[in-house]
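Structure, as structure tokens:
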Amino acid sequence: MINKVPTSRKAVAITFDDGPNPIYTPQVLEIFSESVGKATFFMIGEQMKKNPEVVKQVAALGHEIGNHTFTHPKLSLLSIAECLEEIEQNEKLIEELAGQKPVVFRPPYFDYNQDTVSLLNQKGYPMIGAINLEARDWEQPGVMHILEKSRERIQNGSILIFHDGYGDRSQTIEAVRKLVSELTSQGYQLVTVSELLELA
């Protein structure tokens, strides 16, 4: 699981899980359009089916779409065949809507086992984690908590996780708005996970 990338460049990758969402994903896009940065969205197939236009918009603006499975299951509880189905079904949908296959993968709940690892290796997917799990934005712990716990983990090559899907994500949006502004003013480049991996 890759949580950060060793690099001397002032670059970080900000990622969003569980979208796309018709309310919050466009707000993330707006934040990034003002900062000239790019983000990576780990999208769920079921949500993409509901919001195909949002997927297309994300891709058209040059952001990265990563594979986050089709239904967001705990992969360690599935058979290898079911696991493969989750990954490949989502892969096909991303290719169909975004025009290119995803090249990065994040397991739902960061849950995986040896079978998952073998499968991802076969398919050539790096398994992407994150370094700011203490921010727990999925629990809506407050804007300042999300912001402070993410700030603590900023360094060259950090991968940060936030959520634009499932439930009320207004705290996340507010925290990310502030964080993106701070990072940009500190001279950090906001890059996709794939771009960050290339800097290693």
The correct count of residues that are hydrophobic (A, V, I, L, M, F, W, C) and touching a helix residue (DSSP H, G or I) at 6+ places or on another chain (Cβ under 6 Å) in segment 120-148 is 6
Looking at the structure I just gave you, is residue 148 more than 17 Å from residue 11 (Cβ to Cβ), open to solvent by 70 Å² or more (accessible area, probe 1.4 Å) and not hydroxyl-bearing (Ser, Thr, Tyr)? yes
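I'm trying to understand the selection: among the residues of segment 183-200, which are open to solvent by 20 Å² or more (accessible area, probe 1.4 Å) and either hydrophobic (A, V, I, L, M, F, W, C) or not in a loop (DSSP other than H, G, I, E, B) (or both)?
Residues of segment 183-200 that are open to solvent by 20 Å² or more (accessible area, probe 1.4 Å), as a first pass: 184-189, 194-195, 197-200.
Result: 184, 185, 189, 194, 195, 197, 198, 199, 200.
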Note on residue 161: of the conditions (1) crowded, with 17+ Cβ neighbours inside 10 Å; (2) part of a helix (DSSP H, G or I), unmet is (2)
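Within 17 Å of residue 40 (Cβ to Cβ) and polar (S, T, N, Q) - does that describe any residue in segment 169-182? Spell out the reasoning first.
Filtering segment 169-182 down to residues within 17 Å of residue 40 (Cβ to Cβ) leaves 169, 172-173, 176, 179-180.
Keeping just the survivors that are polar (S, T, N, Q) gives 172.
Yes: segment 169-182 contains one or more residues that are within 17 Å of residue 40 (Cβ to Cβ) and polar (S, T, N, Q).
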Mind listing whichever residues of segment 1-47 are under 29 Å from residue 117 (Cβ atoms), touching an Asp or Glu at 6+ places or on another chain (Cβ under 9 Å) and either part of a helix (DSSP H, G or I) or modelled with pLDDT under 95 (or both)? 45, 47
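Please tell me if residue 132 is in contact with a Ser or Thr (Cβ under 8 Å, 6 or more places away or on another chain) and open to solvent by 20 Å² or more (accessible area, probe 1.4 Å). Even if it seems obvious, please write down each step before you answer.
Details: in contact with a Ser or Thr (Cβ under 8 Å, 6 or more places away or on another chain): yes; open to solvent by 20 Å² or more (accessible area, probe 1.4 Å): no.
Answer is no for this residue.
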For segment 43-54, enumerate the residues that are surrounded by 20 or more Cβ atoms within 10 Å (Cβ to Cβ) and over 13 Å from residue 98 (Cβ atoms). 44, 47
Which listed residue, of 180, 103, is in contact (Cβ under 8 Å) with a residue 24 or more places away in the chain and open to solvent by 50 Å² or more (accessible area, probe 1.4 Å): 103
Yes or no: segment 146-158 includes at least one residue that is over 26 Å from residue 173 (Cβ atoms) and of a type in the set (Gly, Ala, Ser). no
Of the residues 140, 155, which is farther than 16 Å from residue 38 by Cβ, surrounded by fewer than 19 Cβ atoms within 10 Å (Cβ to Cβ) and in contact with a Gly (Cβ under 9 Å, 6 or more places away or on another chain)? 140
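Considering 70, 32, which residue is farther than 22 Å from residue 172 by Cβ and among the hydrophobic types (A, V, I, L, M, F, W, C)? Give the derivation first.
Details: 32 fails: farther than 22 Å from residue 172 by Cβ.
When all the criteria are applied, what remains is 70.
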For residue 166, only one of the following conditions fails: (1) modelled with pLDDT under 95; (2) on the phi < 0 side of the Ramachandran plot. What is its number? (2)
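Does residue 76 count as out of contact with any strand residue (DSSP E or B) (no Cβ under 9 Å at 6 or more places or on another chain), open to solvent by 20 Å² or more (accessible area, probe 1.4 Å), part of a helix (DSSP H, G or I) and closer than 23 Å to residue 178 by Cα?
On the way: out of contact with any strand residue (DSSP E or B) (no Cβ under 9 Å at 6 or more places or on another chain): yes; open to solvent by 20 Å² or more (accessible area, probe 1.4 Å): yes; part of a helix (DSSP H, G or I): yes; closer than 23 Å to residue 178 by Cα: no.
For residue 76, the condition - out of contact with any strand residue (DSSP E or B) (no Cβ under 9 Å at 6 or more places or on another chain), open to solvent by 20 Å² or more (accessible area, probe 1.4 Å), part of a helix (DSSP H, G or I) and closer than 23 Å to residue 178 by Cα - is not met.
The values are calculated or read from the model by the stated rules, or taken from the named source; none is laboratory data. Being a predicted model, the structure only gives us computed values, none of them experimental. Positions of Cβ are backbone-derived with ideal geometry, glycine not excepted, and every protein chain shown enters the neighbour counts. In case anyone asks, the SASA skips ligands and DNA or RNA and just uses the protein heavy atoms, side chains included. Shrake-Rupley method; radii C 1.70, N 1.55, O 1.52, S 1.80 Å.
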